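Engineer: The structure's right below; bear with me while I get my questions together.
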Amino acid sequence: MLPADAGPLYPKLGTSVAKFRKIKSPTAAQRQAHGDAVHAAMLALQRRALQRELPSIAPSCASRTWHADGDAIHKAVRQQQHRELMSWPDRIRRARTAQEWQRLYDEAMRTKRAARSSYRNAA
C-alpha cells in the first residue's frame, strides 16, 4: 500500500505520456503536448472500457463499415479488398495437400531442367 502523500494513482497511459512526465521544467508547448497526449490516452482507455461492456454489433450495410461519408466508405472498402487479396495466396497454400506440393515441386524442377538444357544447347 502506498502512503497517503504519494499522490493519486494514475492508470498507465503509455510511453508518450510517460515521456512528458519525465521533463523537469516543461515549456508551454511541452505542457500543451503533454495535455494532448493525456487526453488521447484517456479517450483510448475509455473506448477500450466501453468496448469491453458493449456487445459487438456488425453493421448491416453492404460495405460492412460504420462510415457514413462516401470517401470513408470507399477507403474502408478498398482496405477490405486489399486485405482479402493479400490473404488469398495463404489460403490457397494452406489448402494444398502434400501430394499437390510434391507435384508442383516436380513440375518446377522439370521446367528448370528443360530451361537449363535448352540454354546449354543454344550455347
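Every number in this text was worked out from the coordinates using simple rules, so none of it is lab data. Here the structure is a predicted model, which means the values were calculated and not measured. FYI the Cβ positions are ideal-geometry reconstructions off the backbone, even for glycines, and counts take in every protein chain you see.
Engineer: Picking from 114, 60, 13, whose Cα lies most toward the positive end of the charge dipole for the chain (charges on Cβ: Lys, Arg +1; Asp, Glu -1)?
Structural biologist: Value: 114.
Engineer: When the chain is treated as a GNM, springs tying every alpha-carbon pair under 10 Å, which of 87, 25, 56 comes out with the largest mean-square fluctuation?
Structural biologist: For the chain, modelled as a Gaussian network with Cα springs under 10 Å, the answer is 25.
Engineer: I've got another one for you. Please report, largest first and rounded to whole Å, the three semi-axes of the ellipsoid equivalent to the chain, where each semi-axis is the square root of five times an eigenvalue of the C-alpha gyration tensor.
Structural biologist: 55, 25, 18
Engineer: Loop only by DSSP, 10 or fewer other Cβ within 10 Å of the Cβ. Give me the trypsin sites (Lys or Arg not before Pro) in the range 9-101 that pass, ordered by residue number. Can you show the working numbers first?
Structural biologist: Values: sites: 12, 19, 21, 22, 24, 31, 47, 48, 52, 64, 75, 78, 83, 91, 93, 94, 96; in loops: 12, 22, 24, 64, 96.
Here the sparse-neighbourhood loop sites are 12, 22, 24.
Engineer: Give, in nm to one decimal, the length gained when the segment between residue 16 and residue 87 is fully stretched (0.36 nm per residue of separation minus the Cα-Cα distance).
Structural biologist: In short, 22.2 nm is gained.
Engineer: So, one more: Normalise the Cα radius of gyration of the range 8-53 by 2.2 N^0.38 Å (N = residues in it) and let me know the number.
Structural biologist: Working: Rg = 12.0 Å, N = 46, 2.2 N^0.38 = 9.4 Å.
Against the compact-globule rule of thumb, the ratio is 1.28.
Engineer: Separate question: Can you give the relative contact order of the chain as a percent, counting alpha carbon pairs under 8 Å and 6+ residues apart? Spell out each step's value before the answer.
Structural biologist: Details: 22 pairs, mean separation 15.5, N = 123.
13 percent.
Engineer: Assigning unit charges at the beta carbon (Lys, Arg +1; Asp, Glu -1) and nothing else, what dipole magnitude in debye, to the nearest 20, does the chain show about its Cα centre? Could you put the intermediate results ahead of the total?
Structural biologist: Values: 23 positive and 10 negative charges, 145 e Å.
Result for the chain is approximately 700 debye, rounded to the nearest 20.
Engineer: Given the options 66, 88, 101, which has the most mean-square fluctuation in a GNM of the chain, springs set between C-alpha atoms less than 10 angstrom apart?
Structural biologist: The residue that fluctuates most here is 101.
Engineer: With the cut-off at 1.5 for a/c, could you classify the range 69-123 from its C-alpha gyration tensor as rounded, prolate or oblate?
Structural biologist: Numbers: a/c = 10.58, a/b = 2.27, b/c = 4.65.
The shape class here is oblate.
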